[in-house]
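*Asks:* Sharing a structure here in C-alpha cells format.
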Amino acid sequence: MEKFLESYWQMRLEALKEQLEKNNFAVAVTQSAQECSRYFMEEMLPKLSPDSVSYGGSMTLGSTGLLDRLVELDSIRLIAPNAPGISPEEKIELRRQGLVVDLYLTGTNAVTEDGCLVNLDMIGNRVAALTFGPKKVVVFVGRNKIVSDLESAMYRIKDYAAPTNAMRLNCKTPCVKTSECTDCKSPGRICNTWTITEKSYPKERVTVVLINEDLGL
Ligand code: SF4
C-alpha cells in the first residue's frame, strides 16, 4: 500500500478503535486477514479458551481462514451450521445450538464512526448471537465497512450489502435481477431483522477486530 494510504487508514482505524472502546467493546487493529488470523489464533484464542465455538455467515471471517484452523483443534467443539451435506432442519438446529456456545465469530454489515455495529439479517441467528447468548463474541471487520453514521450504515446495507449478498446466495429476490432493493415481499427476502449494537454489554463481551483491508460485502 502507498505510504499516504497506509497513514490514512491507520488513522481512521485508530480513531474508530477509540470510539468502539468508549462503547465498551474490546478492540484490536490488524493489518490484513492473514495477520488477523494469526492474532486470533495466537493471542485471543488462548485467553478465551472456549470449549465450544460457532459462527455466523461472514465473507470476512471466511477471508481469515480461521474456520479451517479451528476445525482441526480437538480441544474445541465447532458447531458448523453451514457444513456441507446437512439438511435444512439440521442447519436450523445447529444455528439454535450456536446461540449458547462459549465463543461466537461473525462479521458486521457496517460500523459507524462513533462505534456502533449495524446489521440486517435474514434468519436472525447472527444478530441474536451478537446480542445475547454466547459468552463471548468476536466480530471481524474490514475497513470498507466503516460509515459515517447510522443513516449511512442503513443506506450502505440496503443499497449494496443486501443486494450483493442476495446475488452471492443465488436468492430468488427482485434485487438479484435489478441490483436495487424494492423492499420486496419475496419469500426468499434476506432483509428481516435489523440490529444496532450501540454498546457491548457486559463490557468487552464483544471484541471487534478491525482489519486494514477491504473484506466482505
Ligand atoms: S428487501 Fe428484498 S429486494 Fe430489498 S435487498 Fe432485501 S431481498 Fe433484496
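Read-outs throughout are calculated quantities, based only on the coordinates presented, and are distinct from any laboratory measurement. A quick note: this is a predicted structure, and the numbers were derived from the prediction, not measured. FYI the Cβ positions are ideal-geometry reconstructions off the backbone, even for glycines, and counts take in every protein chain you see.
*Asks:* (1) within 18 Å of Glu18 (Cα to Cα); (2) exposed (fewer than 14 other Cβ atoms within 10 Å of the Cβ): which one isn't true of Leu210, the others all being true?
*Replies:* It fails just one condition, (2).
*Asks:* Related question: Out of all the residues in the stretch 126-166, which are within 16 Å of the ligand (Cβ to nearest atom), of a type outside the set (Gly, Ala, Ser) and either buried (at least 22 other Cβ atoms within 10 Å of the Cβ) or in contact (Cβ under 8 Å) with a residue 12 or more places away in the chain (or both)?
*Replies:* Quick first cut of the stretch 126-166, residues within 16 Å of the ligand (Cβ to nearest atom) only: 126-127, 153-166.
Checking the rest, the ones that are also of a type outside the set (Gly, Ala, Ser) come to 126-127, 154-160, 163-165.
Listed by number, the residues that qualify are Arg126, Val127, Met154, Arg156, Ile157, Lys158, Asp159, Tyr160, Pro163, Thr164, Asn165.
*Asks:* May I pose another question? Kindly establish whether Gly65 is more than 11 Å from the chain's Cα centre (by Cα) and under 20 Å from Glu198 (Cα atoms).
*Replies:* Here the answer is no, as Gly65 does not meet what is asked.
*Asks:* Cys175 - would you say it is assigned to a loop (DSSP other than H, G, I, E, B), crowded, with 16+ Cβ neighbours inside 10 Å, within 14 Å of the ligand (Cβ to nearest atom) and in contact (Cβ under 8 Å) with a residue 12 or more places away in the chain? Quick ask: steps written out before the conclusion?
*Replies:* Numbers: assigned to a loop (DSSP other than H, G, I, E, B): no; crowded, with 16+ Cβ neighbours inside 10 Å: yes; within 14 Å of the ligand (Cβ to nearest atom): yes; in contact (Cβ under 8 Å) with a residue 12 or more places away in the chain: yes.
Taking the combined requirement at face value, the residue does not satisfy it.
*Asks:* For Arg189, which of the numbered conditions (1) within 19 Å of Thr60 (Cα to Cα); (2) within 16 Å of the ligand (Cβ to nearest atom); (3) among the charged types (D, E, K, R) fails to hold?
*Replies:* Only one criterion in (1) within 19 Å of Thr60 (Cα to Cα); (2) within 16 Å of the ligand (Cβ to nearest atom); (3) among the charged types (D, E, K, R) is unmet by Arg189, namely (1).
*Asks:* Here's a follow-up. Kindly indicate whether Leu48 is of a type in the set (A, V, I, L, M, F, W, C) and closer than 27 Å to Lys135 by Cβ. Before you say what the answer is, go through the steps one by one.
*Replies:* On the way: of a type in the set (A, V, I, L, M, F, W, C): yes; closer than 27 Å to Lys135 by Cβ: yes.
Considered against the rule, which asks whether it is of a type in the set (A, V, I, L, M, F, W, C) and closer than 27 Å to Lys135 by Cβ, Leu48 comes out as yes.
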